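Written out below as structure tokens is the structure these notes cover.
The values are calculated or read from the model by the stated rules, or taken from the named source; none is laboratory data. For clarity, every value in this text was computed on a predicted model and none was experimentally measured. Please note: Cβ atoms are built from the backbone with ideal geometry, for glycine as well, and neighbour counts cover all protein chains shown. SASA here: full protein model, heavy atoms, side chains in, ligands and nucleic acids out. Shrake-Rupley method; radii C 1.70, N 1.55, O 1.52, S 1.80 Å.
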Amino acid sequence: MAAVLQYVRVFAAILFYLCMYVCVGALMPEKVHEKSLINMLIAGFMAYFAFFQVIALFCKAKGVPLHVLSALWFSFLVAAAALDLVFRRQMLAECIREQIRRIKKEAVLRGMLAASVAFAFFIIFNTDHISDFDAGYYIGLIASSAYSDTIERVAAIWGYEISAPQAFYFLNTIPDHASVMVQVFHIPALLEEKIVFSFTNVLVFMATLYRIGTLLFAFRKKQTALFVWISTAVLMFSYSLAGISHYFAYRTYEGKAVCAYLYMPAILAFFLCIYTEGKAGRSGLWGWFGMFFAGLGGVAFCNSAIFVIPFAMFIYLFSMLFYRRSRKQLLCTLTVFLPAAAWLILYVRR
Amino acid sequence: MGRIISFLKIFGTYSGKNHIWVLALAALIFLAVKGTKDERRIFVWPVLCALCVLNPLTVSLIPDSSTIGDRFIRFFWVLPFYELVGYTAVLLAGKCRRKTGRAAVIVLTAAAVVLTGNMVFFGKDVPSYELPDNSQYTDDDFIALKEILHADGIERPVVLYDGHLMLTYRMYDPSVRSVFSREGLYRLTTMTQEELYASDTQKAMQLIAGFYYYHDFSIPLESFEKAAAVKGTDYIVTAFNSPLNEIFSEAGFEISGETSLYRVWKLPEAPAS
């Protein structure tokens, strides 16, 4: 019975994560998400962890107990949900109705959704995660924080109290997010990471690939679906110990893995939005917002994000500045680089 | 030349010398030569832009010891190789007028991916796909160990266990403390026994590491016991095939319990002095 209840909580946590990403994404102006649930999900994911990074870093620096961070974060999420209820209720209801109608009507979409869920299950049912040294630290830290009601003040492997969080990982708050969820949902850290977080991440990854496909093939469904599955197949067949496929398949929950397999294609999707909408004389706000939040929240996942995310944004945006010499775009480009630059300065100064 | 070789080595490590990258290169060249202006701007320009960092000169300029130098390989993450292959395959399929032609392109692409690539979970020299042993996503032994380590009701017991347990057990049960820290474990795995003895490692830890980890039985059992007591050790976990079992058994240590792989010993209480 206890195991059943635990899995009910695990399933609730998966739904909660996905709903909250959409909730946070829906709060952005309509011009940004254009009433698209996928746009809300992807930009919402970026914004969700960007806001968490700001709140959690403050709490971590102050050394407050974990339950304070949990209370703050859930207050934020409740406020976001309340704002959605007041200001976005109708729009969200319309979006969900429209999405259900499309899923019922279009076999390609139905197939994509079912296959993505099956694929996510396939990924999470593997328990061969290769790196015990990293997993032991990351998940051990989450379990220790939740058990001791502290923010990274108990050593992951050792289990004794420490005076301050590990300096090297100070800017990374993703273990603290998991600790909050472990504390609130009463699920073991192993299940939070290897099932809940991994499952939702695979779905967000698939949604991102789908979004890239719609932008590349102008919403032609069959081509988009084909693109998604060929790309996924190439990723799954590109195994190397240091490559993205390794992180995606074996270490789906790890911060650096998320940065590699989720932030990189998301930045491509944001760029494609800016590029295609720019061609049509529109602003591509979804892309700009997404990039901004990716720069702000990416560092929550790993220190490498401090230089890899700006580099990814650089290769797309600066190449675009060559052929589209627009002052407005230059201004937007500089703005999206601001959070990334701020993290870099903070990292170097520490 | 040395710079180029060093750069190629880093890329070789990143790609795992997986031949699927040939497909990505072919797709890039195809789009560069035959692609439209938009396709070149979306895929080719950014890759060219990436070359301003991903090149042999940059590798030689960034010191290996710096954080960025140490993780230079992660700059390769930005290359959109799987999206590139996916897009080009769909593009080529779309150029065929007949359904059979389109199907042929897809089948050929799938074949090329399978033949050139190495699949995660099921490929050659690849960690295998392993289903969970139980609903807790941990080893069955860990579940049994948790029962044993908490049977006496000691709050946050201090446990001396081996490398694998040291690394992974607290993911499942954070209510125990380990004699070795992460740094201690790092020292054990990177130093020889002699180096450890010569290092500034605490004397008690040297004795524990020497006796328990390196099986240096020139260290008297009493010294090990005292050192373990100094570190507040409540339990010692040994593998079934460990030579320590015989020594502990002869010394009259009490067995707290056994799992399929491990034996848990309770450290005798030090006599009051």
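Taken over the range A:210-223, the criterion of being surrounded by fewer than 24 Cβ atoms within 10 Å (Cβ to Cβ) and assigned to a helix (DSSP H, G or I) is satisfied by A:Tyr210, A:Thr214, A:Leu215, A:Lys221, A:Lys222, A:Gln223. Considering the range B:166-207, the residues that are within 14 Å of chain A (Cβ to nearest Cβ), in contact (Cβ under 8 Å) with a residue 12 or more places away in the chain and of a type in the set (Val, Ile, Thr) include one that is most open to solvent (accessible area, probe 1.4 Å), namely B:Thr189.
Among residues of the range A:241-254 being within 17 Å of B:Val78 (Cβ to Cβ) and open to solvent by 10 Å² or more (accessible area, probe 1.4 Å), the one that is farthest from the other protein chains (Cβ to nearest Cβ) is A:Tyr247.
Of the residues making up the range B:173-185, at least one is modelled with pLDDT of 90 or more and either outside the structural domain of B:Thr259 (by TED's automatic domain parsing) or closer than 22 Å to B:Gly252 by Cβ (or both).
For the range A:177-219, the set of residues classified as in contact with an Asp or Glu (Cβ under 7 Å, 6 or more places away or on another chain) and more than 11 Å from every other protein chain (Cβ to nearest Cβ) consists of A:Ala178, A:Met181, listed by residue number. Of all residues in the range A:145-164, those that are part of a helix (DSSP H, G or I) and within 26 Å of the chain's Cα centre (by Cα) total 3. Inside the range B:212-240, can you point out the residues that are within 16 Å of B:Val159 (Cβ to Cβ) and among the aromatic types (Phe, Trp, Tyr)? Answer for the range B:212-240, where residues must be within 16 Å of B:Val159 (Cβ to Cβ) and among the aromatic types (Phe, Trp, Tyr): B:Tyr212, B:Tyr213, B:Phe224, B:Tyr235.
Among the helices (runs of 4 or more DSSP H) confined to the range B:1-64, the ones with at least 3 residues that are under 18 Å from B:Phe76 (Cβ atoms), away from chain A (no Cβ under 12 Å) and modelled with pLDDT under 90 are located at B:2-15, B:56-61.
For the range A:324-339, give me each residue that is loosely packed, with under 12 Cβ neighbours inside 10 Å and farther than 22 Å from A:Leu296 by Cα. Residues satisfying the conditions are A:Arg325, A:Arg327.
Only one of the listed residues (B:Ser260, B:Ser242, B:Ser218) is farther than 23 Å from A:Ala143 by Cα, out of contact with any Phe, Trp or Tyr (no Cβ under 8 Å at 6 or more places or on another chain), in contact (Cβ under 8 Å) with a residue 60 or more places away in the chain and in a loop (DSSP other than H, G, I, E, B). That residue is B:Ser260. All of (1) on the phi < 0 side of the Ramachandran plot; (2) surrounded by fewer than 24 Cβ atoms within 10 Å (Cβ to Cβ) hold for A:Val196 with one exception: (2).
Would you check if there is a residue in the range B:115-123 being in the same structural domain as B:Gly16 (by TED's automatic domain parsing) and either over 30 Å from A:Phe197 (Cα atoms) or assigned to a helix (DSSP H, G or I) (or both)? Yes. Looking only at residues that are open to solvent by 70 Å² or more (accessible area, probe 1.4 Å) and β-branched (Val, Ile, Thr) in the range B:1-36, which one is nearest to A:Val234 (Cα to Cα)? Among those residues, the one meeting the criterion is B:Val22. Filtering the range A:255-278 to residues that are surrounded by fewer than 22 Cβ atoms within 10 Å (Cβ to Cβ) and more than 8 Å from every other protein chain (Cβ to nearest Cβ) leaves A:Thr276, A:Glu277, A:Gly278.
With the structure loaded, tell me whether A:Leu216 is in contact with a Leu (Cβ under 8 Å, 6 or more places away or on another chain) and without any contact (Cβ under 8 Å) to a residue 60 or more places away in the chain or whether it fails that test. Taking the combined requirement at face value, the residue satisfies it. Residues in the range B:133-155 that are open to solvent by less than 50 Å² (accessible area, probe 1.4 Å) and within 8 Å of another protein chain (Cβ to nearest Cβ): B:Ser135, B:Gln136, B:Tyr137, B:Thr138. Cβ-Cβ distances below 6 Å connect the following pairs, each with a first residue in the range B:116-130 that is more than 7 Å from chain A (Cβ to nearest Cβ) and free of Cβ contacts under 8 Å to residues at least 12 places away in the same chain, a second residue that is open to solvent by 30 Å² or more (accessible area, probe 1.4 Å) and not basic (Lys, Arg), and a separation of six or more residues or different chains: B:Lys124/B:Asn118. Just give me the residues in the range A:220-240 being facing another protein chain (nearest Cβ under 7 Å) and among the hydroxyl-bearing types (Ser, Thr, Tyr), in sequence order. If the condition is that a residue be facing another protein chain (nearest Cβ under 7 Å) and among the hydroxyl-bearing types (Ser, Thr, Tyr), then A:Ser231, A:Ser238, A:Tyr239, A:Ser240 are the ones that fit. Restricting B:Val90, B:Val105, B:Val113, B:Val78 to those that are open to solvent by less than 40 Å² (accessible area, probe 1.4 Å) and more than 7 Å from chain A (Cβ to nearest Cβ) reduces the list to B:Val105.
The requirement of being outside any helix (DSSP H, G or I), modelled with pLDDT of 95 or more and not small (Gly, Ala, Ser) is fulfilled somewhere in the range A:289-301, by at least one residue.
Within the range B:73-84, residues that are more than 14 Å from B:Ile42 (Cβ to Cβ) and assigned by TED's automatic domain parsing to the domain that holds B:Trp21 sit with their Cβ atoms under 8 Å from residues that are open to solvent by 10 Å² or more (accessible area, probe 1.4 Å) and not hydrophobic (A, V, I, L, M, F, W, C), at 6+ positions apart or across chains, in these pairs: B:Ile73/B:Thr13; B:Arg74/A:Lys256. Looking at the range A:3-120, the helices (runs of 4 or more DSSP H) lying wholly inside it that each contain 1 or more residues that are under 17 Å from A:Gly290 (Cβ atoms) sit at A:30-33, A:37-62. Determine if the range A:118-139 includes at least one residue that is away from chain B (no Cβ under 14 Å) and either open to solvent by 30 Å² or more (accessible area, probe 1.4 Å) or free of Cβ contacts under 8 Å to residues at least 60 places away in the same chain (or both). Scanning the range A:118-139 turns up at least one residue that is away from chain B (no Cβ under 14 Å) and either open to solvent by 30 Å² or more (accessible area, probe 1.4 Å) or free of Cβ contacts under 8 Å to residues at least 60 places away in the same chain (or both).
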